[in-house]
1. From ALA383, ALA407, which residue is in contact with a Pro (Cβ under 7 Å, 6 or more places away or on another chain), in contact (Cβ under 8 Å) with a residue 24 or more places away in the chain and of a type outside the set (Lys, Arg)?
2. For the range 361-380, give me each residue that is in contact (Cβ under 8 Å) with a residue 24 or more places away in the chain, in a helix (DSSP H, G or I) and farther than 30 Å from THR194 by Cα.
3. What's the total number of residues in the range 82-100 that are among the small types (Gly, Ala, Ser) and either buried (at least 24 other Cβ atoms within 10 Å of the Cβ) or within 15 Å of GLY58 (Cα to Cα) (or both)?
4. Got a sec? Which of GLY78, GLY110 is of a type outside the set (A, V, I, L, M), out of contact with any Ser or Thr (no Cβ under 9 Å at 6 or more places or on another chain) and outside the structural domain of MET304 (by TED's automatic domain parsing)?
5. Pick out the one residue from GLY399, GLY390 that is over 20 Å from CYS329 (Cα atoms), under 22 Å from the mean Cα position of the chain (by Cα) and in a helix (DSSP H, G or I).
6. Which of the residues that make up the range 71-122 are in a loop (DSSP other than H, G, I, E, B), in contact with a strand residue (DSSP E or B) (Cβ under 9 Å, 6 or more places away or on another chain) and modelled with pLDDT under 95?
7. Take the residues in the range 178-195 that are within 17 Å of LEU395 (Cα to Cα) and over 21 Å from the mean Cα position of the chain (by Cα), then tell me which one is surrounded by the most Cβ atoms within 10 Å (Cβ to Cβ).
8. Which is under 20 Å from PHE160 (Cβ atoms), assigned by TED's automatic domain parsing to the domain that holds ARG154 and buried (at least 21 other Cβ atoms within 10 Å of the Cβ), of TYR26, TYR32?
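The values are calculated or read from the model by the stated rules, or taken from the named source; none is laboratory data. None of the values given here were measured: they were computed from a predicted structure. Neighbour counts are summed over all protein chains in view; Cβ atoms, including those assigned to glycine, are modelled from backbone coordinates with ideal geometry.
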Amino acid sequence: MSLQERLPLSGRVEEIGNRPVFMTDYLGGAGYEAARIAVTGMDPNEVIAKVKEANLRGRGGAGFPTGVKWGFVPDVEGVKYLVCNGDEMEPGTFKDRYLIEYNPHLLVEGMIIAAFAIQAQKAYVFLRGEYHVPRRRLARAIEEASAKGFLGERIFGSDFSLDLRIHSSGGRYICGEETALLNALEGKRGQPRTRPPFPPASGAWGRPTIVNNVETLCNVPSIIRLGVDWYRNLGLTSDSGTKIYGVSGKVNNPGLWELPMGTPIRELVEEHAGGMRNGHKLRGILPGGASTDFLVEEHFDLSMDYETIQAAGSRMGTGTMILMDDSICPVDLSRNLQHFFAQESCGFCTPCREGLPWVEGVLADIEEGRGQEGDLDVLALNAEYIGDPGNTFCLHATGAIEPLQSALKYFREDFESHIRTGKCSYRTEAS
């Protein structure tokens, strides 16, 4: 099996030397063959069935089955939309940027197939506003694909047409939530919508809409071209395919790697990330970005897949791990994360708008020596209330609280030490 076949997302990039893949190189690696097969030789429902059978799960964090989601789109007349979520504002996450920056045609091809499957005539890439280089390279790829007849009217000589455009985000974390994204796309305030109706039935401008993550869509061409069995057999556990995993923190080789779904945490950290730097010991991991619960040493041999990580009390999320070593204060880290989530709240509901800044303030008091007996119990009580999905309009507060409630569980002695001594031992040692 060739390198490209083993690494369907990034293999062609590696093969040509880690430089951007544009039309000539992409066609040299069987580029757009999957789109041609789908558009000219398959029924839309057949494409959906293949993606379902392949067990492709959304790579944006939730892990919802992609084919099932596509199947929710009703068979109705009129415009339908496909929207690619390229906002990627989750702290510690940078996988989608890599895909767009180095292999933009893979995303374009995946969107052609997905749009054909749901019979969408218009598609948007909702891109993080700060992603200037990815935007330029994606715009070039769209222009090249249009010139070849792979986008626009009568793609591959068929009756299917697709208008694909880029929309640069105004820049809010909450727009990672799909209904907030759709509001922003329409030029409205970026805050979540009431559901139901759900986007597949009534999304952008009230029309049927599917929102998928960049990495999710980039998996689609290999499923169509190389087959369901091939794709399912790539995974090491019940989850199929490959995953772009990431590691950031005090390791020797931080970065991204495309590996089989279910690769163990310890392998990711010690082999691919090169292990911890000299003098640093790993204490905890946020496995899927900043809005996931901590995992600790007892979890380091677990497989990085959706079910395994959820059973351990966290979420795989984006699969891009943030490492906390023994030089980092869990209290200060928690305060920093709550500051981010508090300022990124859309401000619609009280637990999020008022609760997150209040939690940040209590953590700042503890970190700066003003902590009091009972603060931890109050924090835990508020974390339980704010983190309950039934108490807030969307899941922003739930994700914000996950790292805090797990830090109180696994690193409670650090919080207690701050309150008891009135100082941060990490800061003292550093000075």
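1. Unique residue meeting the criteria: ALA407.
2. Scanning the range 361-380 gives LEU363, ALA364, ILE366, GLU367, ASP375, LEU376.
3. Count: 1.
4. GLY78
5. GLY399
6. Selection gives ASP87, GLU88, GLU90, PRO91, GLY92, THR93, PHE94.
7. It comes out as ARG195.
8. TYR32
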